[in-house]
Structures are given as C-alpha cells and as structure tokens.
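The values are calculated or read from the model by the stated rules, or taken from the named source; none is laboratory data. What you are looking at is a predicted structure, and each value in this text was computed from that prediction instead of being measured. In this analysis, Cβ positions are derived from the backbone assuming ideal geometry, glycine residues included, and neighbour counts consider all displayed protein chains.
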Amino acid sequence: MAYQVLARKYRPQRFADVAGQEHVTRTLLNALEQGRIAHGYIFSGHRGIGKTTIARILAMALNCRTAVGTKERPDQEPCGVCDSCAEIRAGNSVDVLEIDAATNRGIDEVRELREAARYRPARDRYKIWILDEAHQITDAAFNALLKTLEEPPEHVIFMMATTQPEDIPQTIRSRCQHFSFHAVKFDDILAQLRSIAEQEQIDAEDAALALLAEAGDGSMRDALSIMDQAIASAPIKGGKPHLEPEQIRELMGSVPNTVFERLMEQIGAGQTAAVVEELNTLLNAGNSPAALARQFVRYLRNTLMARVGGENTDLLQISADERARAARSALLFSEEDLTRFLQVMLRTFDDLNYRQEQRFHLELGLVKLVHLQRLLPVEELLSVVQIQATGDRAQGAGQGAGDRLHGTGFGPRVPVTGQVRATSPAAPKPSPFEADRNRKAMGESGSAEPAARVLPAAESVGRAAAEGKPSFQAMAPGPEAKPPVTVGLAETVSEATEGALALAPDAPPDLDRIRDAVSAALAHEGHETAANLIHQAAWTQQGNAIQVELAVRKPMLALTVNAEAEAICRKTMRAMGATQKIAFVPGENGTSGAKAGPGKAESGKEGPAIAGSAQSAAMENPLVKKTQELFNADIRSVLDLRDTN
C-alpha cells in the first residue's frame with residue numbers, strides 16, 4: 001500500500017477523537033441523541049482544524065446502519081465498521097457527496113445539485129452534500145439554492161465548510177445552524193504530536209515537538225504536515241528517526257528565540273552597535289530578512305502578552321521555556337514601550353514585502369527600537385506645561401514664563417519659608433493626562449481608593465520650613481473633599497511643586513539633594529528596593545551626565561532599576577531643573593565604590609538603609625545577620641511582603 005501522510009492516516013473517525021472542538025462535538029452528539037437534526041449546517045473557522053472531518057463524522061453517524069445501544073455502537077458515535085461508515089470514510093458513498101465548491105461554484109452545478117436532491121437516497125437514511133470552501137460559490141448559485149435550502153426534502157442535509165463565513169449571503173446563513181470552530185490550542189497539538197510520535201516509533205525531543213506545535217499556529221493539519229517533512233529529513237539513530245530542535249529550525253528556516261532575547265537585552269541597554277552586529281551575523285548566515293522580521297514580530301507579541309498577563313497567561317500558546325524567555329524580556333520594558341516596538345516592527349515587516357533593499361529597512365527598524373526609549377511621552381510634557389501654566393497664573397503674570405518656554409527650567413526656585421503660608425496659591429487643576437495615569441495606577445494596584453495626587457499645602461510647607469525640609473500632603477482627586485494624608489518623604493518632588501524646588505539654572509547640581517529626592521520619589525511609587533540602592537549608591541558628576549554606581553551586579557541591575565524606575569528618576573530630575581543625563585552602572589563585583597559619608601556606603605560594605613524600610617528591617621533580623629556571617633553574604637534586594645493594611 002502506498003504511503004499515507006500523517007494528516008490523512010490519523011484523521012479522526014469519531015467525535016471523541018477530534019481535538020480542541022468540544023463545544024461542537026458535544027452539541028452534535030446531543031442533537032443526535034434528541035433527534036434534532038437540522039437540514040443545513042455551516043462549519044467555519046481556521047484552516048486545518050477539523051471542519052470537513054466533523055462533517056464526515058456527522059454523515060457517518062446519521063447513516064450508520066448499526067443500531068444505537070448495541071455492542072458495536074453503544075452511543076451516538078458511528079460504529080466505523082458497517083458498509084455505510086466504510087464507504088463514507090473511503091469517500092465513495094453514493095448517498096454522501098463531497099463537492100469542492102471552489103471548482104463547482106456556478107449556477108449550472110447548483111441546478112444539477114437541486115435536481116438530484118429530488119430523489120431519495122439509494123440505500124442510506126439521508127442524502128448528504130458536503131460543500132467544501134462554500135464561500136467561493138457565486139451569488140447567483142446561492143440564490144438558485146436558496147429555495148431548496150429553505151424547504152428541502154426530509155431526506156436531504158447540506159453541510160457547508162468555509163474559512164470565510166462572512167462571504168456567504170445572510171439569507172443562506174439564516175437558514176442553517178452555524179458552528180464556529182476554534183483554533184486548536186498549543187497543548188492539544190503537542191499532545192497529539194507526542195501520541196503520533198509514539199505510534200510511529202519516532203524518537204522526538206520535547207523541544208522539537210514544541211517547535212512543530214508552535215509552527216502549526218493553531219492548525220492541527222499544518223503541524224502534522226510539518227512533522228511529516230521533519231521525519232523525512234531527520235537523522236536515523238538506533239534504527240529510528242530522531243527529531244532535534246536544531247534540525248527543525250534549519251528545516252523551517254528559523255532561528256532560536258535566544259537570539260531575539262539577546263536582541264531585546266541589547267535594545268534595552270541602548271547598544272545600537274551590538275544590535276546591528278547581531279543582525280549582520282544572522283543575515284550573513286543566510287537568514288531571510290522577511291523571515292527574521294516575522295519571527296521578531298511574533299516574539300514581540302509574546303513579550304507584550306507576558307507583560308500584560310504574566311508568564312502563565314492563556315494568551316501565550318508556547319512552551320514553558322519560551323514563556324519564561326518572553327517573561328524575562330518583558331521585565332526590561334514597560335507596556336507602552338513594547339506596544340511601540342510592535343507597531344514599528346509590524347510597519348517594518350510590511351515594508352519588506354515591497355522594498356528591494358530589505359536588509360536596509362530591517363536594520364533601520366531595529367535601530368528605531370533603540371531610539372524609541374529616548375522619547376519623552378507627549379502627554380507627560382503637556383501635563384507639565386499645563387500645571388506650570390496654572391501655577392504662573394496664580395502667582396502673577398510674567399513670573400517664570402520665559403524659563404518654561406525656553407527649556408532652562410520650569411520656573412524660578414522659590415525658597416520655602418514661613419511666608420508661604422500666607423501667599424500659597426490655590427491647588428492647580430490636574431491635567432487629564434495626569435488623571436489618566438492615576439486611574440491606570442489605581443487599576444494596576446487593585447486598590448478601591450483613587451490614586452493620590454501630591455499637592456502643596458500651606459500648613460505643611462510652613463511646618464517644614466521651620467524644620468528645614470519640605471513636606472507635602474496627598475489629596476485624593478474628586479468632587480468631594482477628603483481628609484489630607486501627609487506624605488512623609490523628605491525632599492519629595494512632584495509635578496505640582498516643580499517651581500518651588502527647582503534648582504537654579506546656572507548652579508552646579510547638588511548631588512546629595514538630587515539623590516534624596518530621587519530616592520524619595522521611588523519609594524513613594526513603590527520601588528522600595530531601587531530607592532534603597534540608589535540612596536546608598538555613589539553619585540558622581542561625569543561631564544554633562546550624572547553616574548550612579550549601584551551595589552549590584554550587571555544581571556540584577558536591569559531587574560532592580562527597571563525602565564519604570566528610570567523614568568521616575570529622570571522625571572524627578574527634570575522637575576528639579578537638573579538638565580544632566582543620569583546613567584546607572586553596576587558596582588565592581590557587585591559593590592559600590594562610594595566613600596563613607598551621609599547616605600553612602602563604604603567600598604564592599606552595605607550602606608545604611610532608609611529607616612523603617614523593608615531593607616532596614618531585614619538587615620536587623622538576627623537570622624539574616626547569622627546567615628551573612630556563615631556565608632559571607634550581603635543583601636542585594638528585599639521584597640516587602642508584610643500586610644500594611
């Protein structure tokens with residue numbers, strides 16, 4: 001007997017064997033049991049997911065000659081051994097006709113079908129027509145079929161399979177029962193491939209089967225076709241074909257996702273040269289620019305889904321190893337960054353389809369990803385301008401307007417004195433962009449209380465002036481006044497107090513003051529570990545940049561001081577009027593090189609933690625101290641899991 005491909009050899013013959021379509025098979029079995037048989041069915045969905053297969057199984061169940069309840073047929077499933085089942089399975093039944101509607105799509109063919117429907121079946125109970133690719137039938141042919149489909153003879157049943165149900169006229173759809181098929185889940189495809197590999201005596205690694213299942217993209221038939229090709233090209237080991245991930249990637253012309261993870265790390269670090277060199281290596285190895293762009297788009301999509309729903313979300317139809325890889329890449333960027341990355345790469349992928357110099361466009365797309373992180377969100381700039389403009393109007397026309405427009409600062413520095421109590425302006429109205437950020441922050445934290453908005457209060461500022469440090473109060477936004485909640489953060493810088501705490505435009509940066517403000521802002525936003533590390537770090541002036549050397553190793557730097565924390569630091573510095581760039585670097589061997597001083601750490605030793613913080617409590621714990629003595633360990637990061645309610 002000639003070789004039969006896997007997709008045909010392992011085609012399901014019973015409803016229970018169909019993977020991923022339980023909602024359809026359950027409904028059809030119940031309809032068979034209750035005798036509720038419709039005269040028209042539409043099966044729609046993705047390619048290769050079982051539409052025509054279920055139509056054949058339903059035809060076998062309707063015309064099966066074995067009585068239900070017997071040993072051969074205990075339930076509504078077809079027996080599979082009677083003459084009718086065998087003929088339908090072989091495709092030569094005279095009463096079940098499978099027609100390719102893509103070629104028999106005209107009105108003449110439909111007239112012949114309508115004429116044949118008048119006669120009773122030759123032997124079986126029903127005369128059944130299975131119309132594959134039914135959406136390609138012409139409108140005139142559908143109109144000719146309309147009356148027959150509306151009032152067919154009792155022995156006639158129509159089953160239409162299509163990938164584009166919207167192309168079937170509504171008058172036809174309203175006369176049929178419509179079943180929408182789902183794409184087969186990754187786990188279902190993987191289980192089927194593993195079962196077939198055992199039956200075919202194929203030695204296949206789990207990683208190789210996962211690649212085949214992912215390449216199927218929700219289609220069982222596609223996955224089986226690729227598996228057939230992979231078996232043919234697999235090396236023979238121990239008398240059995242051996243499927244390996246590297247061999248399958250070479251067969252499909254793809255590269256491992258470790259390459260794209262490395263690209264994401266280089267993009268996150270702003271290393272344009274490393275990104276271009278990595279791409280050059282891939283292209284010199286013979287990889288197609290279009291194929292690389294397609295894979296990178298898929299990896300970016302998975303990374304975005306991991307950022308949105310976490311590593312174990314159902315949005316990721318990939319293996320466990322790939323889930324972990326996507327989750328690691330998601331930690332490097334914010335949701336907004338990943339969204340912009342995906343938009344740029346989708347546009348780049350579209351450009352590659354009609355551009356001659358594909359390499360240049362792909363290189364340009366990747367370089368754009370590096371530079372996208374340097375952009376300032378427009379809504380943030382508009383919020384600052386609106387708040388500053390409101391403050392200027394309250395304090396008097398012309399005060400600080402030139403500085404705001406020319407970029408030298410957001411207003412002159414106003415000394416914090418007791419006179420502020422009498423002259424403090426009314427609280428400025430928050431911008432819609434700030435309100436939207438507060439709403440998102442409230443949604444992410446899951447708190448029922450609205451996100452607090454930091455506003456200056458005359459009384460707290462007056463008390464802070466007597467103590468020599470500023471203080472602010474958090475007012476909950478809304479039409480009803482709520483009691484203020486004092487924010488106990490030294491040197492906290494908020495958008496509403498930029499003018500009061502801004503540095504003089506020509507004055508050298510006060511590193512200690514900037515460090516305290518940045519640490520307080522991070523702690524206020526929930527980045528307590530980053531706040532402690534930055535508070536203990538060594539701050540140095542390097543030309544037009546401020547270098548912050550943290551007591552962590554390079555792998556931990558991106559996880560501790562992530563993109564969101566860096567954005568808070570830059571925002572706080574801009575609010576204070578500091579124009580220098582800030583760069584975070586790991587300390588040598590994981591230790592900071594700061595000299596002993598207020599708020600700094602000696603070389604190779606832990607610096608003082610902020611009083612009352614989680615790190616301070618951890619360092620004072622006797623068990624932690626004993627562990628440090630036994631293993632010569634130091635504290636790198638602390639997670640606060642205490643219930644603060």
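Would you confirm whether or not the range 131-146 contains a residue that is in a strand (DSSP E or B) and crowded, with 18+ Cβ neighbours inside 10 Å?
Yes, because at least one residue in the range 131-146 is in a strand (DSSP E or B) and crowded, with 18+ Cβ neighbours inside 10 Å.
Just checking, how many residues over the range 164-221 are under 30 Å from residue 144 (Cα atoms), part of a helix (DSSP H, G or I) and aliphatic (A, V, I, L, M)?
Qualifying residue count, the range 164-221: 1.
For the range 159-178: of the residues being of a type in the set (Val, Ile, Thr) and crowded, with 19+ Cβ neighbours inside 10 Å, which is nearest to residue 52 (Cα to Cα)?
162
How do the pairs read when you match residues in the range 106-117 that are closer than 11 Å to residue 140 by Cα with residues anywhere that are surrounded by 13 or more Cβ atoms within 10 Å (Cβ to Cβ) and among the aromatic types (Phe, Trp, Tyr), using Cβ under 7 Å and keeping only pairs 6 or more apart or on different chains?
Taking only residues 6 or more apart or on different chains, not a single pair turns up.
If you scan the range 325-353, which residues turn out to be over 20 Å from residue 561 (Cβ atoms), surrounded by fewer than 19 Cβ atoms within 10 Å (Cβ to Cβ) and among the charged types (D, E, K, R)?
340, 347, 350, 351 - these are the residues of the range 325-353 that are over 20 Å from residue 561 (Cβ atoms), surrounded by fewer than 19 Cβ atoms within 10 Å (Cβ to Cβ) and among the charged types (D, E, K, R).
Would you check which residues across the range 244-265 are in contact (Cβ under 8 Å) with a residue 24 or more places away in the chain and within 30 Å of residue 562 (Cα to Cα) and list them?
Passing the criteria: 255, 257, 258, 260, 261, 263, 264, 265.
Table: residues versus (1) within 27 Å of residue 325 (Cα to Cα); (2) among the acidic types (Asp, Glu); (3) without any contact (Cβ under 8 Å) to a residue 24 or more places away in the chain.
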| site | (1), (2), (3) |
| --- | --- |
| 188 | yes, yes, no |
| 196 | no, no, no |
| 204 | yes, no, no |
| 211 | yes, no, no |
| 221 | no, no, no |
| 236 | no, no, yes |
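List every residue pair whose Cβ atoms lie under 6 Å apart, where the two residues are 6 or more positions apart in sequence or sit on different chains, the first residue falls within the range 53-69 and is more than 22 Å from residue 9 (Cα to Cα), and the second residue, located anywhere, is part of a helix (DSSP H, G or I).
As it stands, the answer is 63/84; 65/84, since those pairs meet every condition given.
Just for the range 139-158: of the residues that are modelled with pLDDT of 90 or more and β-branched (Val, Ile, Thr), which one is farthest from residue 59 (Cα to Cα)?
Within the range 139-158, the match that is farthest from residue 59 (Cα to Cα) is 156.
Of all residues in the range 222-258 being in a loop (DSSP other than H, G, I, E, B) and within 19 Å of residue 297 (Cα to Cα), which is nearest to the chain's Cα centre (by Cα)?
256
Quick one: residue 315 ticks every box in (1) crowded, with 19+ Cβ neighbours inside 10 Å; (2) outside any helix (DSSP H, G or I); (3) of a type outside the set (D, E, K, R) bar one, so which box is it?
Only one criterion in (1) crowded, with 19+ Cβ neighbours inside 10 Å; (2) outside any helix (DSSP H, G or I); (3) of a type outside the set (D, E, K, R) is unmet by residue 315, namely (1).
Just for the range 537-566: of the residues that are touching a helix residue (DSSP H, G or I) at 6+ places or on another chain (Cβ under 9 Å) and among the small types (Gly, Ala, Ser), which one is surrounded by the fewest Cβ atoms within 10 Å (Cβ to Cβ)?
Out of the qualifying residues, it is 563.
Return a yes/no flag: does the range 523-534 have any residue that is on the phi > 0 side of the Ramachandran plot and at pLDDT 75 or above.
Taking every residue of the range 523-534 in turn, at least one turns out to be on the phi > 0 side of the Ramachandran plot and at pLDDT 75 or above.
Working only within the range 81-116, note down all residues that are crowded, with 16+ Cβ neighbours inside 10 Å, closer than 18 Å to residue 132 by Cβ and either small (Gly, Ala, Ser) or outside the structural domain of residue 138 (by TED's automatic domain parsing) (or both).
Matches in the range 81-116: 93, 101.
Can you go through 72, 33, 22 and tell me which one is farther than 15 Å from residue 128 by Cα, out of contact with any helix residue (DSSP H, G or I) (no Cβ under 9 Å at 6 or more places or on another chain), touching a residue at least 12 places away in the same chain (Cβ under 8 Å) and not β-branched (Val, Ile, Thr)?
The match here is 33.
Do we have residue 161 as within 26 Å of residue 60 (Cβ to Cβ), in a loop (DSSP other than H, G, I, E, B) and touching a residue at least 12 places away in the same chain (Cβ under 8 Å) here?
no
Just to be sure I understand, how many residues within the range 76-108 are within 48 Å of the chain's Cα centre (by Cα), acidic (Asp, Glu) and over 18 Å from residue 56 (Cβ atoms)?
0
Let me confirm something: among 292, 332, 352, 283, which residue is in contact with a Leu (Cβ under 7 Å, 6 or more places away or on another chain) and within 18 Å of residue 262 (Cβ to Cβ)?
One residue alone meets the criteria, 292.
In the range 47-69, which residue that is among the basic types (Lys, Arg) and buried (at least 20 other Cβ atoms within 10 Å of the Cβ) is farthest from residue 134 (Cα to Cα)?
Among residues in the range 47-69 that are among the basic types (Lys, Arg) and buried (at least 20 other Cβ atoms within 10 Å of the Cβ), the one farthest from residue 134 (Cα to Cα) is 56.
Please determine whether any residue of the range 88-100 is touching a helix residue (DSSP H, G or I) at 6+ places or on another chain (Cβ under 6 Å) and either on the phi > 0 side of the Ramachandran plot or not in a helix (DSSP H, G or I) (or both).
Yes.
Being farther than 27 Å from residue 294 by Cα and of a type in the set (Phe, Trp, Tyr) is true for just one of 186, 158, 181. Which residue is that?
158
What are the residues in the range 180-201 that are in contact with a strand residue (DSSP E or B) (Cβ under 9 Å, 6 or more places away or on another chain), under 19 Å from residue 218 (Cα atoms) and surrounded by fewer than 19 Cβ atoms within 10 Å (Cβ to Cβ), if any?
180, 194, listed by residue number.
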